[in-house]
Amino acid sequence: MSAIRFENVTKEFSNMARSAVDHCTLAVDKGQFVVLLGPSGCGKTTLLKMVNRLYEPSSGTIYLDGVDIRQLNVNKLRRQIGYVIQQTGLFPHMTVAQNIATVPNLLRWPKQQTGQRVDELLALVDLPPAEYRTRYPAQLSGGQQQRVGVARALAGNPEFILMDEPFGAVDAITRTSLQDEMITLQKKLRKTILFVTHDVDEALRLADRIVIMRNGKIVQYDTPLNILNHPADAFVKELMGGGDIVRQLGLIRVEVAMQKLPADFHVDGQPTINCEQDLRHALSILLQPGATALLVLDQQTPVGLLTLDDLRTAARAQSTAALAA
Ligand SMILES: Nc1ncnc2c1ncn2[C@@H]1O[C@H](COP(=O)(O)OP(=O)(O)O)[C@@H](O)[C@H]1O
Ligand SMILES: [Mg+2]
């Protein structure tokens, strides 16, 4: 059973000639990080807002864990879904701790439990609690505000998280470090995440799978590598940035491209690489003499294998040939 499923979902606005979201069908597995990618106005935000019922579909059905969301109480539904937006939506007159405690307070958690949860979440998003608990949003940088936004979304321990261009308003360096933190966080939490962006690099970095949208329609849904390797049409190819394969490999994590470790695999001094490193780094090791396969490690545990063949299928054949020459 899929964690989130859209079945033939359409959304029309009265002032629009075409549908904002047009007959979208999509299944997201539990624990997957799925990125909705496409140009401005293609319907990403509208699709997302139908999941927590900020918008109701004109037709079609959305299921969470197999349940039609119309059968759920709206408040209860929203408490199961963390929501992070670009303008954070932090309450300016409330401290960081009070902001993060919004959902626990709604759920009437005991004060002590809420306090512990706030500190735990601040630590999780890399803001030392003692220093940040009592600050107000205006006393934080843009990147720190987004971290608090993420912490607040996680407070009630929701199974699902919706993120709408959460890092869109911060500078490029802060954005990259927030993305790295998001990857680390997801490793720990394994939430089911729908993440909206119009930034291709961000999508390649973060996604287990990418949904490419155009004019309200889903044009492709696949892993970052398969999309680069087999773009569904000229639009997707153009969107993904044409043939700059070196740049693209530098954005994709090893764990997305590796093969599962065969059950009978004998670990025997193979060169290793961490699963969170990128494919460009992997390529630089694989091009050294004698390195036929890399053993992929998660922390210290072997989890997969990556060969030059995997990369070759990953990258478009001709570009890799040019690279290796
Ligand atoms: N509340 C609304 N009322 C009318 N039109 C809307 C509303 N929300 C979005 N739209 C329109 O729906 C289309 C898709 O918008 P949106 O989902 O925000 O796109 P994206 O997030 O991909 O930039 C756009 O043409 C937008 O103008
Ligand atoms: Mg949007």
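The values are calculated or read from the model by the stated rules, or taken from the named source; none is laboratory data. Computed from a predicted structure; not experimentally measured. Heads up, the Cβs are rebuilt from the backbone with ideal geometry, glycines too, and the neighbour counts pull from every protein chain shown.
Which one of Q80, Q71, Q86, Q32 is in the same structural domain as Q145 (by TED's automatic domain parsing) and within 15 Å of ligand 1 (Cβ to nearest atom)?
On the way: Q80 fails: within 15 Å of ligand 1 (Cβ to nearest atom); Q71 fails: within 15 Å of ligand 1 (Cβ to nearest atom); Q32 fails: within 15 Å of ligand 1 (Cβ to nearest atom).
Being in the same structural domain as Q145 (by TED's automatic domain parsing) and within 15 Å of ligand 1 (Cβ to nearest atom) holds for just one of Q80, Q71, Q86, Q32, which is Q86.
Can you say whether Y63 is surrounded by fewer than 19 Cβ atoms within 10 Å (Cβ to Cβ), part of a strand (DSSP E or B) and not basic (K, R), as far as the supplied structure shows? Steps first, please.
On the way: surrounded by fewer than 19 Cβ atoms within 10 Å (Cβ to Cβ): yes; part of a strand (DSSP E or B): yes; not basic (K, R): yes.
Judged against the criteria, Y63 is a match.
Mind telling me which of the residues I285, I252 ends up being closer than 20 Å to I183 by Cβ and at pLDDT 85 or above? It would help to see each step written out before you state the result.
Working: I285 fails: closer than 20 Å to I183 by Cβ.
Result of the check over I285, I252: I252.
In the set R108, R78, R70, which member is in a loop (DSSP other than H, G, I, E, B) and not acidic (D, E)?
Values: R78 fails: in a loop (DSSP other than H, G, I, E, B); R70 fails: in a loop (DSSP other than H, G, I, E, B).
After ruling out the rest, the residue left standing is R108.
Looking only at region 72-83, decide whether some residue is buried (at least 20 other Cβ atoms within 10 Å of the Cβ), within 16 Å of ligand 2 (Cβ to nearest atom) and under 19 Å from I193 (Cβ atoms).
yes
Rundown of residues vs (1) hydrophobic (A, V, I, L, M, F, W, C); (2) more than 14 Å from R253 (Cβ to Cβ); (3) part of a strand (DSSP E or B), yes/no style:
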site	(1), (2), (3)
T174	no, yes, no
L178	yes, yes, no
M182	yes, no, no
K188	no, yes, no
V196	yes, yes, yes
R205	no, no, no
M213	yes, yes, yes
V219	yes, yes, yes
L225	yes, no, no
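Restricting region 242-268 to residues that are part of a loop (DSSP other than H, G, I, E, B) and touching a Lys or Arg at 6+ places or on another chain (Cβ under 7 Å), which is farthest from L311 (Cα to Cα)?
First, pick out the residues of region 242-268 that are part of a loop (DSSP other than H, G, I, E, B): 242-244, 250-252, 258, 261-268.
Add one more test, that the residue is touching a Lys or Arg at 6+ places or on another chain (Cβ under 7 Å), and what stays is 243, 250-251.
Details: G243: 15, G250: 12, L251: 13 Å.
Applying the filter and picking the extreme gives G243.
Somewhere in region 10-19, is a residue in a strand (DSSP E or B), more than 25 Å from K237 (Cβ to Cβ) and modelled with pLDDT of 95 or more?
Of region 10-19, the ones in a strand (DSSP E or B) are 10-11.
If we keep only those that are more than 25 Å from K237 (Cβ to Cβ) as well, we get 10-11.
Next, from what is left, pick out any that are modelled with pLDDT of 95 or more: 10-11.
Scanning region 10-19, I find at least one residue that is in a strand (DSSP E or B), more than 25 Å from K237 (Cβ to Cβ) and modelled with pLDDT of 95 or more, so the answer is yes.
Please go through region 33-57 and pick out each residue that is more than 12 Å from ligand 2 (Cβ to nearest atom) and part of a helix (DSSP H, G or I).
M50, V51
Given the options G168, G156, name the one that is within 14 Å of ligand 1 (Cβ to nearest atom) and either closer than 19 Å to R253 by Cα or part of a loop (DSSP other than H, G, I, E, B) (or both).
Details: G156 fails: within 14 Å of ligand 1 (Cβ to nearest atom).
The unique qualifying residue is G168.
Tally up the residues in region 278-296 that are in a loop (DSSP other than H, G, I, E, B) and in contact with a strand residue (DSSP E or B) (Cβ under 7 Å, 6 or more places away or on another chain), please.
Going residue by residue through region 278-296, those that are in a loop (DSSP other than H, G, I, E, B) are 287-292.
Adding the requirement that they be in contact with a strand residue (DSSP E or B) (Cβ under 7 Å, 6 or more places away or on another chain) leaves 292.
Summing the residues that are in a loop (DSSP other than H, G, I, E, B) and in contact with a strand residue (DSSP E or B) (Cβ under 7 Å, 6 or more places away or on another chain) in region 278-296 gives 1.
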